[in-house]
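In what follows, a structure is listed as structure tokens, so that the remarks can point back to it.
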Amino acid sequence: MENNQSQISNLQSQVGKFASGQVNGPVIETQGLTKRFKKVTAVAGLDLSVRKGEIFGLLGPDGAGKTTAIRMLCAIMDPTEGSARVAGFDTRKEPEEIKKRIGYMAQQFSLYGDLTVLENLTFFADIFEVGRKERQERIERLLEFARLTRFKGRRAAHLSGGMQKKLALACTLIHQPEIIFLDEPTTGVDPVSRREFWDILTELHIEGVTLFVSTPYMDEAERCSRVSLMFDGSIVVCDTPERIKGLVEGQLLELRPDGLREAAQLIADLPGVLEVQTYGDLLHVFVDDAAQRAQEMEAALAGAGIAAEGLRRTRPRMEEAFISLIRKRSEENT
Ligand SMILES: Nc1ncnc2c1ncn2[C@@H]1O[C@H](COP(=O)(O)OP(=O)(O)OP(=O)(O)O)[C@@H](O)[C@H]1O
Ligand SMILES: [Mg+2]
């Protein structure tokens, strides 16, 4: 009897934990997830595990395979090989269970331009069968949340690009999904709106929603709890932004030379220089020992008659880490 009771109380505490979202198991898990089109392998053997409540970033350039990966996770497209579980369900066998629990803001999310903000939200409430009772309160809350209450009567086609993205996000949230997939949600949006959009995502994160976001922007990757760098269908590295930045070999020097190309060539051949990257009119130089190599570099540039200013040591950001890791990966493959 006692045993039974302790089992029951154990079970109750488990249920309590689950209901309050304290169970931190993976909510997205893939094994060897692969998609091949006729000529291209868009996604090549993806192994991912995303925990509940994470902001997980999929960072990669055009054509890396981000959209294809997301479409498979959203159970819209079947993999050629491998498998994925989302919210505990198999994408291939239980797509309907998954669709109920996730929100998907596609790269080309289509709003109805002729409908107003409010009408768009109502339309999505219909599609997702949100009951009449809860819908009004929910729509009002989402309008506030997306900072769109003032614009609820405006046609979607007449909103700014940033506002359209926020409306698309609000529509994606209408059925209160546990996991949200956002495919390049801020591409083409001005920097101020991008920041505001990310503030909204952070609020969702605080509420405990799991966010899976693809982006080509390095600064956005810095806001994720973990990031996967995707290139040519594969994951180059998957870790916290801090640790990814820590993977870059050597120390980083930055300078602004007069002749960028000439200076880059000269510096690349100096001893102790591991890698040279251009960044606007700046050169980023990875070296084995910043203090020693900075002096040698100044001397070499002066000797060649190249003026340079602003030589200083700096910390690698995601951008430098990304370029460096991808370059290494390409060298390994050739
Ligand atoms: N339906 C399709 N048929 C054939 N090839 C496809 C198809 N969809 C995608 N591809 C190819 O697969 C690769 C990955 O494409 P995908 O759209 O997943 O990349 P992405 O990372 O989302 O790129 P972007 O940043 O441009 O959106 C590309 O080479 C693309 O041309
Ligand atoms: Mg894409």
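Annotation: peptides 51-62, 304-315, 196-207, ranked by per-residue average of other Cβ atoms within 10 Å with the highest first, follow the order 51-62, 196-207, 304-315. Give, as a single signed number, the net charge of other residues whose beta carbon lies under 14 Å from the beta carbon of residue 256, with Lys and Arg counted +1 and Asp and Glu -1. Result for the neighbourhood of residue 256: -4.
In this simple spin-label approximation, residue 140 and residue 306 carry label points 7 Å from Cα along the Cα→Cβ vector, and these lie 6.5 nm apart.
When each of the peptides 118-125, 63-70, 234-241 is scored by how many other beta carbons lie within 10 Å of its residues on average, the order from highest to lowest is 63-70, 118-125, 234-241. Taking a sphere under 13 Å around the Cβ of residue 156 and counting the other residues whose Cβ falls inside, with K and R at +1 and D and E at -1, yields a net charge of +3. Applying 1/(1 + (r/R0)^6) with R0 = 30 Å to the Cβ-Cβ distance of residue 152 and residue 192 gives a FRET efficiency near 0.90. Calculated on the Cα set of the chain, radius of gyration then Dmax: 24.2, 90 Å. Three semi-axes describe the equivalent ellipsoid of segment 249-315; taken as square roots of 5 times the Cα gyration tensor eigenvalues and ordered largest first, they are 16, 13, 11 Å. Charge tally for residue 62 (other residues, Cβ to Cβ under 15 Å; Lys, Arg +1; Asp, Glu -1): -2. May I ask for the distance between the Cα centers of segment 173-224 and segment 67-131, given as a whole number of Å? When both Cα centres are located, 16 Å separates them. Run through the DSSP bridge list for the chain and note the antiparallel percent, rounded to the nearest 5. Just about 65 percent of them are antiparallel.
Given R0 = 30 Å, the distance between the Cβ atoms of residue 258 and residue 334 translates into a calculated FRET efficiency of 0.35. Once the convex hull of all Cα atoms in segment 69-169 is built, its volume per residue stands at 110 Å³.
Each reported figure results from applying straightforward, stated rules to the coordinates on display, with no laboratory input. Every value quoted in this text rests on a predicted model; they were computed, and no experiment measured them. No Cβ is skipped: glycine too gets one built from the backbone with ideal geometry, and neighbour counts run over all protein chains shown.
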